[in-house]
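The values are calculated or read from the model by the stated rules, or taken from the named source; none is laboratory data. Since the structure is predicted, the reported quantities are computational estimates derived from the model, not experimental observations. FYI the Cβ positions are ideal-geometry reconstructions off the backbone, even for glycines, and counts take in every protein chain you see. Heavy atoms of the whole protein, side chains included, go into the accessibility calculation; ligands, DNA and RNA do not. Shrake-Rupley method; radii C 1.70, N 1.55, O 1.52, S 1.80 Å.
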Amino acid sequence: MGKAKVNMVIGFLKGMQAEKVNVLGTEEAREDNELIQKVIEDIELFYEAELEG
């Protein structure tokens, strides 16, 4: 996956986190957003070389 696509996926997931807070509220969205954050971190680690280049 190219750098642009990785960044697009991460951007989408971050937008999803914000939307969950908007719809559910901070407390209701907390658990989901923690899981989404773990996915973001996993993607960043997996594609680390591509993101640096």
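Excluding same-chain neighbours fewer than eight residues apart, the lysines reachable from residue 38 by a Cα-Cα span under 18 Å are 14, 20.
For helix 3-24, report the angle its Cα long axis makes with the longest principal axis of the Cα atoms of the chain; keep it between 0 and 90° and round to the nearest 10°. Tilt of helix 3-24: around 0 degrees.
Residues in segment 1-36, backbone N under 17 Å from the label point at residue 50 (7 Å along the Cα-to-beta-carbon vector): list them, ranges by number please. 1-14, by backbone N distance to the label point.
If one takes the longest principal axis of the Cα atoms in the chain, at what angle in degrees, from 0 to 90 and to the nearest 10, does the Cα axis of helix 26-46 lie? The angle comes out near 10 degrees. The calculated pair-distance distribution of the chain uses every alpha carbon pair, bins of 5 angstrom beginning at 0, and gives 4, 22, 26, 19, 13, 9, 6, 1 percent.
What's the carbon and sulfur percent of the chain's accessible surface, probe 1.4 angstrom, rounded to a whole number?
Numbers: 2280 of 3980 Å².
Whole-percent figure for carbon plus sulfur exposure: 57.
Below 8 Å between Cα atoms, with a sequence gap of 6+, how large is the relative contact order for the chain in percent? Normalised by residue count, the contact order of the chain is 49 percent.
Placing unit charges on C-beta atoms (Lys and Arg positive, Asp and Glu negative, everything else neutral), compute the dipole magnitude of the chain about its Cα centre in debye, rounded to 20.
On the way: 6 positive and 12 negative charges, 50 e Å.
Value, rounded to 20: 240 debye.
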